[in-house]
Amino acid sequence: MELLLKYYTEFGDFQVPKEEHGKLWRFIAKVRTAYRRKQDGQVQQELNEDRIAQLNKLNFEWVGKHPSGRNKTKPTSDSVRYEPMVKVLAEFKEEHGHLKVHSLANDWKRKKAKPSKAEYRALPKFVSFLRNQHDLWREGKPSSLDDEKVRDLTELGLEWKKPASEPRTTNRINPKRRKVVEKTIHALPGNDVKFEMHVPKLLF
């Protein structure tokens with residue numbers, strides 16, 4: 001997995017040339033064969049669900065495209081060129097004041113808006129890649145992120161996904177329940193007290 005992660009981080013895909021990276025090429029071929037057999041209902045002990053989840057977080061290509069006959073070219077995805085893309089991410093933050101790239105990307109897709117820089121279009125995929133890698137880093141698994149990168153991205157303002165074990169909290173109040181609470185409050189003595197003063201004491 002570490003060799004695979006290192007290759008993907010450097011080149012941006014999984015089209016590994018057999019002549020230059022024979023060991024990794026054989027590993028990928030074995031994984032793809034095991035996955036195909038698993039899809040056919042055969043038991044594949046070396047490819048468990050945890051391993052599949054790790055590979056999916058890397059956007060692993062389960063079906064290859066002639067890996068033995070392809071010469072390596074420059075990366076096809078901006079999402080794995082870490083340093084240049086972090087710079088673009090910082091520029092986006094300076095321009096927009098936030099890193100909510102996915103919300104703007106929806107407008108770009110619907111042609112409701114246009115990014116001021118063409119490089120911004122690659123940010124949603126890059127941010128998703130970072131968050132998936134952060135999950136692996138947090139779990140102590142091989143990741144393209146290290147402590148320093150996580151710290152720098154956190155200081156930049158990137159929000160990470162919460163662990164599945166962490167309970168979700170929300171400050172939203174259901175509109176229907178708000179009306180019920182408002183009626184209850186107005187029925188209390190001194191009903192001129194603002195609604196918000198009672199909200200922390202109530203369960204929603």
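The values are calculated or read from the model by the stated rules, or taken from the named source; none is laboratory data. Remember, it's a predicted structure, so these values are computed and weren't measured experimentally. Using ideal geometry, Cβ is built from the backbone for each residue, glycine included, and neighbour counts are taken over all protein chains shown. Remember, those area values only see protein heavy atoms, side chains included, never the ligands or the DNA or RNA. Shrake-Rupley method; radii C 1.70, N 1.55, O 1.52, S 1.80 Å.
Quick check on region 92-125: of everything there that is in contact with an Asp or Glu (Cβ under 8 Å, 6 or more places away or on another chain) and open to solvent by 40 Å² or more (accessible area, probe 1.4 Å), which residue is farthest from Asp152 (Cα to Cα)?
If we filter region 92-125 for residues that are in contact with an Asp or Glu (Cβ under 8 Å, 6 or more places away or on another chain), which is where we start, we get 99, 113, 116-117, 119, 122, 125.
Keeping just the survivors that are open to solvent by 40 Å² or more (accessible area, probe 1.4 Å) gives 113, 116-117, 119, 125.
Working: Ala113: 30, Ser116: 25, Lys117: 23, Glu119: 21, Lys125: 19 Å.
Among those residues, the one meeting the criterion is Ala113.
Sort out which residues of region 44-58 are in contact (Cβ under 8 Å) with a residue 12 or more places away in the chain and of a type in the set (A, V, I, L, M, F, W, C), and write them in order of number.
Those that are in contact (Cβ under 8 Å) with a residue 12 or more places away in the chain and of a type in the set (A, V, I, L, M, F, W, C): Leu47, Ile52, Leu55, Leu58.
Pick from region 42-63 the residues that are open to solvent by 50 Å² or more (accessible area, probe 1.4 Å) and either among the charged types (D, E, K, R) or modelled with pLDDT of 80 or more (or both): which of them is farthest from Lys125 (Cα to Cα)? I'd like the intermediate steps shown before the answer.
In the first step, residues of region 42-63 are kept if they are open to solvent by 50 Å² or more (accessible area, probe 1.4 Å); the result is 42-43, 45-46, 48-51, 56, 59, 61, 63.
Narrowing further to those that are either among the charged types (D, E, K, R) or modelled with pLDDT of 80 or more (or both): 46, 48-51, 56, 61.
Values: Glu46: 29, Asn48: 26, Glu49: 24, Asp50: 23, Arg51: 22, Asn56: 14, Glu61: 16 Å.
Applying the filter and picking the extreme gives Glu46.
Of everything in region 151-167, what is open to solvent by 70 Å² or more (accessible area, probe 1.4 Å) and not in a helix (DSSP H, G or I)? Give them in sequence order.
Residues satisfying the conditions are Glu159, Lys161, Lys162, Ala164, Ser165, Glu166, Pro167.
Restricting to region 1-23, what's the tally of residues that are of a type in the set (D, E, K, R), touching a residue at least 60 places away in the same chain (Cβ under 8 Å) and surrounded by 15 or more Cβ atoms within 10 Å (Cβ to Cβ)?
Qualifying residue count for the region: 1.
If I go through region 64-91 residue by residue, how many of them are surrounded by 14 or more Cβ atoms within 10 Å (Cβ to Cβ) and modelled with pLDDT under 50?
Residues of region 64-91 that are surrounded by 14 or more Cβ atoms within 10 Å (Cβ to Cβ), as a first pass: 64, 67, 70, 72, 75, 77-82, 85-86, 88-91.
With modelled with pLDDT under 50 added as a condition, the list becomes 67, 70, 72, 75, 77-80.
So the answer is 8.
Counting only residues that are acidic (Asp, Glu) and closer than 20 Å to Glu83 by Cα, how many does region 3-26 have? Break it down stepwise before answering.
Filtering region 3-26 for residues acidic (Asp, Glu) gives 10, 13, 19-20.
Now drop any that are not closer than 20 Å to Glu83 by Cα, which leaves 10, 13.
Of the residues in region 3-26, 2 are acidic (Asp, Glu) and closer than 20 Å to Glu83 by Cα.
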